[in-house]
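Undergrad: Below you'll find the structure I mean.
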Amino acid sequence: MDWNFYLNFFAAMFAIVNPIGIWPLWSELTDDVKSKSVRRDIAYLIIFSSLLILIVFFFSGRHLLNFFNIDLPVFRIAGGILLLLTGISMIEGSATKLSERDEQGDNELDLAKQRFRKIIVPLLIPALAGPGSITTVVLFGASAETWQDYLVLTSIIIITFLVLFIVFESSYFLEKKVDHVVFNVFTRVFGIIVTAIAVQFMVIGLGQVFPAWLN
């Protein structure tokens, strides 16, 4: 078992998913939901969907990209563009502006599903299951050689999102202690970081497609 390989994946997943950094965005998009159980259901839907996407790409990402004849550098560029648009919208404050927040439903799960559909972009895609995390799981999945590798790496993905769920669950407590203006500031600061990551993805992708550019 290559523990350096596992630790590198662990660090990469936590850096990209960023459970702490994503909290302001989550709060901005869901802090008006008064029911804790509805908000918990939204968190379940976000976590489950992200895990499903990443695990599918982890085990079959290379094959999916090959099937559609998409190279990883091109995927990085396309994902970087999408991430860049999200980062800019976060800086402008439009990423967290929902046109309609008053959901109507027969039960709490219906209410959670309605809000979930509204925040798929930008919270699920590209923030959690976006170009950064998908590229990471595809690259590490392609490097896994034994069933122990697959088991440990899958566990790391699950642990990362378990920590994220704990952060989501702690939102009520954190929001009572922190002024709402702070959330707006952190969302915009995180938007700058997301924009920088997006540019980095595009530069790396373009450098791989046109290697002479970086010489």
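Undergrad: Just to confirm my filter: which helices (runs of 4 or more DSSP H) fall fully inside the range 112-215 and include at least 3 residues that are over 30 Å from Leu64 (Cα atoms)?
TA: Passing ranges, in order: 147-169, 171-177, 180-209.
Undergrad: For the range 61-71: of the residues being assigned to a helix (DSSP H, G or I) and free of Cβ contacts under 8 Å to residues at least 40 places away in the same chain, which is surrounded by the fewest Cβ atoms within 10 Å (Cβ to Cβ)?
TA: Filtering the range 61-71 for residues that are assigned to a helix (DSSP H, G or I) and free of Cβ contacts under 8 Å to residues at least 40 places away in the same chain, the one surrounded by the fewest Cβ atoms within 10 Å (Cβ to Cβ) comes out as Phe67.
Undergrad: Something else about it: Considering each residue of the range 81-95, count those that are assigned to a helix (DSSP H, G or I) and surrounded by 19 or more Cβ atoms within 10 Å (Cβ to Cβ), and give that number.
TA: Looking only at that region, the number is 5.
Undergrad: Among the residues of the range 17-33, are any without any contact (Cβ under 8 Å) to a residue 12 or more places away in the chain and surrounded by fewer than 17 Cβ atoms within 10 Å (Cβ to Cβ)?
TA: Checked against the condition, which is being without any contact (Cβ under 8 Å) to a residue 12 or more places away in the chain and surrounded by fewer than 17 Cβ atoms within 10 Å (Cβ to Cβ), the range 17-33 yields no hits at all.
Undergrad: Right, another one. Would you point out the residue of the range 120-141, among those that are under 12 Å from the mean Cα position of the chain (by Cα) and modelled with pLDDT of 90 or more, that is surrounded by the fewest Cβ atoms within 10 Å (Cβ to Cβ)?
TA: Ile120
Undergrad: Taking Met90 as meeting all but one of (1) closer than 16 Å to Ile55 by Cα; (2) in contact with a Gly (Cβ under 6 Å, 6 or more places away or on another chain); (3) not aromatic (Phe, Trp, Tyr), write down the number of the exception.
TA: (1)
Undergrad: Any idea which of (1) of a type in the set (Gly, Ala, Ser); (2) crowded, with 18+ Cβ neighbours inside 10 Å; (3) closer than 24 Å to Ala198 by Cβ is the one Ala78 doesn't satisfy?
TA: (2)
Undergrad: Follow-up question, since we're still on this one. Go through the range 159-190 residue by residue and tally those that are modelled with pLDDT under 80 and either within 19 Å of Leu128 (Cα to Cα) or touching a His at 6+ places or on another chain (Cβ under 6 Å) (or both).
TA: So the count comes out to 4.
Undergrad: Six or more apart or on different chains, Cβ under 9 Å: which pairs go from a residue in the range 171-187 that's within 14 Å of Lys36 (Cα to Cα) to one that's β-branched (Val, Ile, Thr) and in a helix (DSSP H, G or I)? Could you list them?
TA: Matching pairs, first to second residue: Ser171/Thr30; Leu174/Val167.
Undergrad: Follow-up. Go through Phe14, Phe58, Phe48 for me and flag whichever is closer than 19 Å to Val137 by Cβ and at pLDDT below 90.
TA: Sole residue among the options that is closer than 19 Å to Val137 by Cβ and at pLDDT below 90: Phe14.
Undergrad: Give the residues of the range 141-155 that are of a type outside the set (A, V, I, L, M) and farther than 14 Å from Met1 by Cα, sorted by residue number.
TA: Gly141, Thr154, Ser155
Undergrad: Could you check how many residues of the range 100-111 are under 21 Å from Pro24 (Cβ atoms) and outside any loop (DSSP other than H, G, I, E, B)?
TA: Of the residues in that region, 0 qualify.
Undergrad: Name the single residue that is surrounded by the most Cβ atoms within 10 Å (Cβ to Cβ) among those in the range 105-116 being within 16 Å of Asp32 (Cβ to Cβ) and either modelled with pLDDT of 80 or more or of a type in the set (D, E, K, R) (or both).
TA: So the residue we want is Ala112.
The values are calculated or read from the model by the stated rules, or taken from the named source; none is laboratory data. Note that the structure is predicted; figures quoted are calculated from it, not measured. Backbone-built Cβ (ideal geometry, glycine too); neighbour counts: all protein chains shown.
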